[in-house]
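Beneath this line is the structure, given in structure tokens, with notes to follow.
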Number of protein chains: 2
Amino acid sequence: MRENDFIETIKNIIGDKYIGDDCAFLKDLGIVVSQDSLVEYVHFSLEYTTPYKLGYKSAMVNISDISASGGEGKYMTVALSLPKNTENDFVEEFYKGLKDACQGIEIIGGDITGSDKIMISVTIIGTTNGRKISSRANAKEGQVVVTSGVHGSSAGGLKLLQENKNLSSNLVERHLMPKAQVEFSEKISKNIKEDYAMMDSSDGLADALFKIAKSSDKTLVIDFKKILFDKELKEIFPDDYKNLMLYGGEDYQIIATVPEDFAKTYGLNIIGRVETKIENTPVKIINYNNDELIIDNLEKCFNHF
Amino acid sequence: MRENDFIETIKNIIGDKYIGDDCAFLKDLGIVVSQDSLVEYVHFSLEYTTPYKLGYKSAMVNISDISASGGEGKYMTVALSLPKNTENDFVEEFYKGLKDACQGIEIIGGDITGSDKIMISVTIIGTTNGRKISSRANAKEGQVVVTSGVHGSSAGGLKLLQENKNLSSNLVERHLMPKAQVEFSEKISKNIKEDYAMMDSSDGLADALFKIAKSSDKTLVIDFKKILFDKELKEIFPDDYKNLMLYGGEDYQIIATVPEDFAKTYGLNIIGRVETKIENTPVKIINYNNDELIIDNLEKCFNHF
């Protein structure tokens, strides 16, 4: 986990006031901000995707960060670094995808420079607009853990692309054109009264659960049977689908901890509970192969580094 | 000028409301935003600079964009893409440089991912804070053209680095650790009453003059003798210093058009005047080798692509 080492180093220099959540919440300006980069051959390959889908996903990844904060996306800047031989068609299709994903979010420019690989860095600015902003550190005992949808599909889709099979599978589409869970996020942030934790599953479900537990100093007890997955995932990967569900990245589902009555009122899918911290047990998964699974580190989690 | 082709394509898709200035001005939020990327071997090489200086410059480049808008820098996000073998020391020194350049601007996080070259993408958010925000399209007849300092030094410094000579020259320092012209910008944006054009010379003086002239549909007449330069630049590059002054990038000086009495009141260095558009003559430089020089395209200008 080199990324986490670097983050520790950075915290020591600039402090940790804003580090930890998907977005930085700038209270004085009433805005939330996030920046995410996609690097060719690390996050994507044009062997598998198209410029249009790449643009679409680049926007969605960032819209998901705003959703994870509870804010409302408003503006986006885009820095593109492109190899010398890049065709104008690439830029055109990329921006069409970006714009189609944005739906009401205004793209306000950015920067284009040269490079040898394609690099995309998107910054998104959202407003609080009367909503309650989340923090990973806000999970409270007695709250339930909810998620917005299925897990593991994107990682399954990526496997299919890499193995060049079942390319018409819905899993592949979920990998290439994920949807940010804007409505799910709004349902919570517009209606909830008490503090709540929220994250997206960009680095996987286990990663999100682990980070919420650690930041909040709680134990999350999750019932594996309650976690949703695409039927296709189990059919295509009968031996591996459970791993993909927990550790596969890029589903961009929302994970949140909210009061139980709130979850029931709004019909949210409950997968577990927030409990008093159990030593060395940030996340306990029950009903996993008729056993318990403890997640106490991020070694197995999705890591783009 | 592939970059400009791409920008045209992008304008056709997302519109041109925010495209053109160094920053996007989001009136509803009272903020200005800019994003700029630096790519290894395109914008910098660790053969010439240090991680600390690279961090410092990465921040300054973006602070300069805010200064060019007339806004006040407040927050910065940083996306780093780093090769697998990057040492923790690099991250530490980079962030120290970044922080030292920031002076009151808060670094609010960002993103770290893998890549094969170092890529840095910084987004800066500023507030209007009662200041008047500039636009490149605001140059008016009768205004004078002012600049904040010397031109050509950074490009001269880069040449010295590339030729591995005179490494203790002030020019080298100007290239590696440029200073954003925050005070010059504030003097204008805090005090001016009428609309004004302003840009930084990140891509060179000629580029800035040309873009202001084109965006404002005016002709800028510049007296070459009034343009400031480092004495060292002429001494080290007797045959080339004039070219470097006009076309060399990365000086991060501010170029603005303001009323003449305003320029005199605040002691600003006047280098020329805004005049009614002369066909095919966006920029006319007088007293250049006892002749006139017309700049009617950006072919010779600094281009990172």
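A quick yes/no check of all residues on (1) assigned to a strand (DSSP E or B); (2) surrounded by fewer than 21 Cβ atoms within 10 Å (Cβ to Cβ); (3) out of contact with any Lys or Arg (no Cβ under 7 Å at 6 or more places or on another chain):
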site	(1), (2), (3)
A:PHE94	no, no, yes
A:GLY104	no, yes, yes
A:ILE124	yes, no, yes
A:GLU141	no, yes, no
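Does A:ILE227 satisfy being in contact with a Ser or Thr (Cβ under 8 Å, 6 or more places away or on another chain), β-branched (Val, Ile, Thr) and open to solvent by less than 10 Å² (accessible area, probe 1.4 Å)? Here the answer is yes, as A:ILE227 does meet what is asked. Scan segment B:106-122 for residues that are under 17 Å from A:LYS11 (Cα atoms), among the hydroxyl-bearing types (Ser, Thr, Tyr) and either open to solvent by 10 Å² or more (accessible area, probe 1.4 Å) or more than 10 Å from chain A (Cβ to nearest Cβ) (or both) and the total you get is 0.
For segment A:8-23, the count of residues that are more than 10 Å from chain B (Cβ to nearest Cβ), of a type in the set (Phe, Trp, Tyr), crowded, with 18+ Cβ neighbours inside 10 Å and in contact with a Phe, Trp or Tyr (Cβ under 9 Å, 6 or more places away or on another chain) is zero.
Scanning segment B:146-183 for residues that are under 18 Å from B:GLY267 (Cα atoms) and under 13 Å from the mean Cα position of the chain (by Cα) yields B:THR147, B:SER148, B:GLY149, B:VAL150, B:GLN181, B:VAL182. Residues in segment B:24-36 that are more than 12 Å from B:THR128 (Cβ to Cβ) and either open to solvent by 10 Å² or more (accessible area, probe 1.4 Å) or more than 9 Å from every other protein chain (Cβ to nearest Cβ) (or both): B:ASP36 alone. Of everything listed in (1) outside the structural domain of A:GLY73 (by TED's automatic domain parsing); (2) out of contact with any Leu (no Cβ under 7 Å at 6 or more places or on another chain); (3) not polar (S, T, N, Q), the single unmet condition for A:ASP116 is (1). Tell me yes or no: at least one residue of segment A:210-219 is crowded, with 21+ Cβ neighbours inside 10 Å and either free of Cβ contacts under 8 Å to residues at least 24 places away in the same chain or not in a helix (DSSP H, G or I) (or both). There is at least one residue in segment A:210-219 that is crowded, with 21+ Cβ neighbours inside 10 Å and either free of Cβ contacts under 8 Å to residues at least 24 places away in the same chain or not in a helix (DSSP H, G or I) (or both). Among the residues making up segment B:247-305, those that are closer than 24 Å to B:LYS190 by Cβ and among the small types (Gly, Ala, Ser) are B:ALA256, B:ALA263, B:GLY267, B:GLY272.
In segment B:272-294, what residues are aliphatic (A, V, I, L, M) and under 21 Å from the mean Cα position of the chain (by Cα)? B:VAL274, B:VAL283, B:ILE285, listed by residue number.
Taking the condition within 20 Å of B:ILE19 (Cα to Cα) and either touching a His at 6+ places or on another chain (Cβ under 8 Å) or surrounded by 24 or more Cβ atoms within 10 Å (Cβ to Cβ) (or both), does B:SER134 pass? Before you say what the answer is, go through the steps one by one.
Working: within 20 Å of B:ILE19 (Cα to Cα): yes; either touching a His at 6+ places or on another chain (Cβ under 8 Å) or surrounded by 24 or more Cβ atoms within 10 Å (Cβ to Cβ) (or both): yes.
Yes; evaluated as a whole, the condition is true for this residue.
With the structure loaded, tell me whether B:VAL78 is in contact with a Leu (Cβ under 8 Å, 6 or more places away or on another chain), part of a strand (DSSP E or B) and open to solvent by less than 10 Å² (accessible area, probe 1.4 Å) or whether it fails that test. When the stated conditions are applied, B:VAL78 passes them. Number of residues in segment B:1-54 that are part of a strand (DSSP E or B) and among the aromatic types (Phe, Trp, Tyr) equals 2.
Please verify whether B:GLU235 is free of Cβ contacts under 8 Å to residues at least 24 places away in the same chain and not aliphatic (A, V, I, L, M), treating the condition exactly as stated. Yes; evaluated as a whole, the condition is true for this residue.
Tell me, which residue of segment B:40-87 that is of a type in the set (A, V, I, L, M) and within 12 Å of chain A (Cβ to nearest Cβ) is farthest from the chain's Cα centre (by Cα)? Ranking the qualifying residues of segment B:40-87, first place goes to B:LEU82. Which of the residues belonging to segment B:250-305 are among the polar types (S, T, N, Q), in a strand (DSSP E or B) and open to solvent by less than 60 Å² (accessible area, probe 1.4 Å)? Passing the criteria: B:THR257, B:ASN269, B:THR281. Only one entry of B:GLY156, B:GLY152 meets the criterion of being closer than 14 Å to B:GLN253 by Cα, surrounded by 24 or more Cβ atoms within 10 Å (Cβ to Cβ) and touching a helix residue (DSSP H, G or I) at 6+ places or on another chain (Cβ under 9 Å), and that entry is B:GLY152. Filter segment B:164-177 down to residues that are modelled with pLDDT of 95 or more and charged (D, E, K, R) and give me whichever is surrounded by the most Cβ atoms within 10 Å (Cβ to Cβ). Ranking the candidates gives B:ARG174 first.
The values are calculated or read from the model by the stated rules, or taken from the named source; none is laboratory data. Please read all numbers here as calculations on a predicted model, not as lab measurements. All Cβ positions, even for glycine, are placed from backbone atoms using ideal geometry, and neighbour counts span all protein chains on display. Quick note on the areas: whole protein, heavy atoms, side chains included, nothing else; ligands and nucleic acids left out. Shrake-Rupley method; radii C 1.70, N 1.55, O 1.52, S 1.80 Å.
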